[in-house]
Amino acid sequence: MSIRTLSTDVVVAGAGLAGITAALEAARSGVDVVVLSLAPVGFGSNSALSNGVFAGPTSTYTIEAYIADTLKAGGFLNDEGYLRRVASKALTAVEWLRSLGVNIVEESDHYRVSPDRKTQPPGSYLMSVLRKRLTAYPRIRVFERTLVKKVLLDGETSGSVCGVVAFNRSGDVLNISASSVILATGGGAALYKRSDNHKAIVGYGYALAAALGLVLYDMELVQFYPIALAEPGLPALMLAPPHPPGTMLRNSKGVDLIEKYGLEQLNKAVRFQRDRLSLIIVEETSKNGGVYIDYTGVPSSFWEIPPLCRLARIRHDFRRTPARILPVAHFFMGGVKVDEQGMTAIPGLFACGELVWGLHGANRRGGNALTECVLSGMWAGRGAARWAVSSGTSKISSEKMCRASICRNGGIPATEDKLTRIKREIRNIAWDYAGICRSEDLLLRGKNKLLELFDYISRVEVNDSENFFLLEDLKASVITLSAVIEGSLIRRENIGSFRRADIENPPLSRSEFHSRLVYEPSNESLFSRSGR
Ligand SMILES: Cc1cc2nc3c(=O)[nH]c(=O)nc-3n(C[C@H](O)[C@H](O)[C@H](O)COP(=O)(O)OP(=O)(O)OC[C@H]3O[C@@H](n4cnc5c(N)ncnc54)[C@H](O)[C@@H]3O)c2cc1C
């Protein structure tokens with residue numbers, strides 16, 4: 001184990017689409033950048049798993065129509081000013097990707113990444129192009145398999161950013177001085193038992209931001225993606241749209257659910273009504289024993305092209321046998337508030353990508369996350385570079401440097417087995433107590449279970465680097481899930497993304513209420529409500 005000290009202008013935590021964009025834009029602005037990523041750059045991210053759909057106005061879809069659709073899907077909880085900025089610049093995001101060599105085509109009301117080989121997953125193609133650009137850029141240094149544990153401020157409890165503490169998988173400590181830090185750590189949906197996210201996406205950014213005293217907004221608004229495999233022995237893989245003509249969604253009695261529930265069309269419901277469709281699938285499953293996607297009536301030509309040609313690698317005979325499905329936790333609409341430069345309320349701390357709150361309201365319209373990653377990444381990268389230039393060199397003071405071994409902290413020894421069991425428990429609590437259908441009783445029970453786990457993991461000692469990483473995963477998961485639960489207790493209405501079964505009021509189509517939480521751990525709660 002070694003302890004290293006480095007200095008740079010801008011640190012970027014995370015290397016998915018938002019982090020890579022931010023790093024490239026900061027470096028292009030003429031500053032030195034260090035990128036720290038838990039996984040290999042571009043991969044180990046949701047960006048690499050994505051379907052490569054970018055929502056935005058097109059030649060046949062006006063800015064006003066795009067804004068109206070996004071607001072309607074989001075129950076008007078969206079930050080409309082932010083949405084309008086994104087709407088006016090969506091084409092810039094597409095052009096930016098094209099300028100880096102990404103093949104991206106226009107399709108009616110969105111853009112779609114188009115890999116050279118049709119069987120190549122679009123997200124993986126996108127990230128491999130961007131990875132090459134990032135790693136070849138002269139002023140960017142990359143540290144992979146490295147976890148950002150703490151963002152440091154120059155004051156005791158407040159002040160400007162002065163750097164980060166990070167650890168790599170060999171247990172080396174990195175103390176990195178920087179005037180600007182950009183959090184691009186993605187969302188947190190992998191903390192749920194059923195999730196289509198990369199397994200590392202458990203909410204590190206929310207936990208890092210919360211530890212600095214930042215307000216977390218609307219954390220209860222977790223989007224569930226309605227159609228993901230639920231066949232025994234197969235992964236909970238999302239079945240990507242567009243579902244071709246002839247695709248049916250049926251319950252176990254063979255009833256067509258799109259017709260039964262008066263939905264306009266399957267693909268439209270997947271894009272704009274993910275919450276409603278998820279709830280229908282969960283309720284049908286509990287009443288009638290299961291819901292199935294049935295591709296048996298799809299004309300044979302559709303099996304040669306995406307998305308169905310990509311199903312060939314899955315051990316299920318989709319052409320002949322309907323597949324059982326259930327929703328999965330997919331996306332966090334809540335998060336951290338930033339200004340027009342991408343800066344949070346802490347001077348020098350920036351955020352971008354899924355971590356950022358505001359665009360999506362109560363239910364994200366499909367395709368808006370990737371557009372937001374590029375635009376918020378550009379704004380944060382340029383803003384962080386400007387901030388670094390104007391504020392001059394930062395240095396971590398010697399008393400703030402981390403010199404501690406990851407192995408010894410004098411706590412209760414914990415084995416990998418025990419930590420893995422706790423991880424399973426957290427994922428179950430998320431799914432069972434903070435899932436698609438919630439109630440005060442369920443939420444309070446989930447909250448108490450989490451408080452017990454938090455108490456335990458705060459006192460645990462680990463003895464090697466692998467367990468250290470596992471423990472950090474548990475801490476981020478518990479803090480993030482606590483925010484989801486606390487926010488759900490506050491939101492006493494049904495506006496979207498999840499249903500409060502104990503609230504009698506009919507579902508709303510519009511709301512103005514935002515939950516705001518600050519991290520103040522006590523015996524009763526990890527978060528308290530913020531008036532700001
Ligand atoms: C299956 C699937 C399909 C999707 N398809 C679409 C789509 O077609 N269109 C759309 O708009 N949206 C889609 N989404 C949503 C979209 O992909 C994500 O919201 C988006 O990619 C998030 O990008 P990001 O850069 O913010 O985070 P991510 O891409 O998740 O990257 C996060 C990065 O942070 C790193 N990291 C995390 N914590 C730390 C830490 N503490 N220290 C260091 N590094 C850290 C990770 O290793 C990773 O590099 C999809 C999501 C999924 C799961």
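The values are calculated or read from the model by the stated rules, or taken from the named source; none is laboratory data. The shown structure was predicted, so the numbers you read here are calculated from the model rather than taken from an experiment. For neighbour counting, all protein chains shown are included, and Cβ atoms are generated from backbone atoms with ideal geometry for every residue, glycine included. Protein only, heavy atoms only, side chains kept; ligands, DNA and RNA dropped before computing areas. Shrake-Rupley method; radii C 1.70, N 1.55, O 1.52, S 1.80 Å.
Structure values in brief
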quantity: Residue check, L77 of a type outside the set (S, T, Y), buried (at least 19 other Cβ atoms within 10 Å of the Cβ) and outside any loop (DSSP other than H, G, I, E, B); calculated: no
quantity: Hey, T135 at pLDDT below 95, outside any strand (DSSP E or B) and β-branched (V, I, T) or not; calculated: no
quantity: Hits in the stretch 312-351 - residues which are farther than 29 Å from S482 by Cα and either without any contact (Cβ under 8 Å) to a residue 40 or more places away in the chain or in contact with a His (Cβ under 9 Å, 6 or more places away or on another chain) (or both); calculated: R313, D317, F318, R319, R320, T321, A323
quantity: Sole residue being within 20 Å of the chain's Cα centre (by Cα), among the hydroxyl-bearing types (S, T, Y) and either assigned by TED's automatic domain parsing to the domain that holds E304 or farther than 20 Å from P242 by Cβ (or both), chosen from T146, T135, T92; calculated: T146
quantity: Residues that are open to solvent by 20 Å² or more (accessible area, probe 1.4 Å) and of a type in the set (S, T, Y), drawn from the stretch 196-240; calculated: Y204, Y217
quantity: Residue selected from the stretch 350-399 under the condition farther than 29 Å from Q273 by Cα and among the polar types (S, T, N, Q), by the criterion farthest from the ligand (Cβ to nearest atom); calculated: S390
quantity: Conditions (1) surrounded by fewer than 19 Cβ atoms within 10 Å (Cβ to Cβ); (2) touching a Phe, Trp or Tyr at 6+ places or on another chain (Cβ under 9 Å); (3) closer than 29 Å to A136 by Cα; number of the one not met by P40; calculated: (2)
quantity: The stretch 248-268 residues that are β-branched (V, I, T), paired with ones that are open to solvent by 60 Å² or more (accessible area, probe 1.4 Å) (beta carbon under 8 Å, 6 or more apart); calculated: I258/Q265
quantity: All positions within the stretch 51-66 that are more than 16 Å from the ligand (Cβ to nearest atom) and not small (G, A, S); calculated: T60, T62, I63, E64
quantity: Close pairs from the stretch 166-192: first at positive phi and within 12 Å of the ligand (Cβ to nearest atom), partner of a type in the set (S, T, Y) and open to solvent by less than 10 Å² (accessible area, probe 1.4 Å), Cβ under 6 Å, at least 6 apart; calculated: none
quantity: Search result, residues across the stretch 31-53 that are of a type in the set (A, V, I, L, M, F, W, C) and touching a Pro at 6+ places or on another chain (Cβ under 9 Å); calculated: A48, L49, V53
quantity: Subset of the stretch 459-510 [open to solvent by 60 Å² or more (accessible area, probe 1.4 Å), touching a Lys or Arg at 6+ places or on another chain (Cβ under 9 Å) and free of Cβ contacts under 8 Å to residues at least 40 places away in the same chain]; calculated: R492, N505, P507
quantity: Tally of residues being farther than 27 Å from S397 by Cα and touching a Phe, Trp or Tyr at 6+ places or on another chain (Cβ under 8 Å) across the stretch 2-24; calculated: 2
quantity: Residue in the stretch 135-157 that is without any contact (Cβ under 8 Å) to a residue 60 or more places away in the chain, polar (S, T, N, Q) and more than 15 Å from the ligand (Cβ to nearest atom) present; calculated: yes
quantity: Residue check, K118 in a helix (DSSP H, G or I) and surrounded by fewer than 15 Cβ atoms within 10 Å (Cβ to Cβ); calculated: no
quantity: Long-range neighbours under 9 Å by Cβ, at least six apart or interchain, first residue touching a residue at least 12 places away in the same chain (Cβ under 8 Å) and open to solvent by 40 Å² or more (accessible area, probe 1.4 Å) within the stretch 514-526, second of a type in the set (K, R) and assigned to a loop (DSSP other than H, G, I, E, B); calculated: R516/R532
quantity: Strands (runs of 3 or more DSSP E) contained in the stretch 285-385 and holding at least 3 residues crowded, with 24+ Cβ neighbours inside 10 Å and out of contact with any Cys (no Cβ under 7 Å at 6 or more places or on another chain); calculated: 323-332, 349-351
quantity: Tally of residues being among the charged types (D, E, K, R) and within 24 Å of the chain's Cα centre (by Cα) across the stretch 42-70; calculated: 1
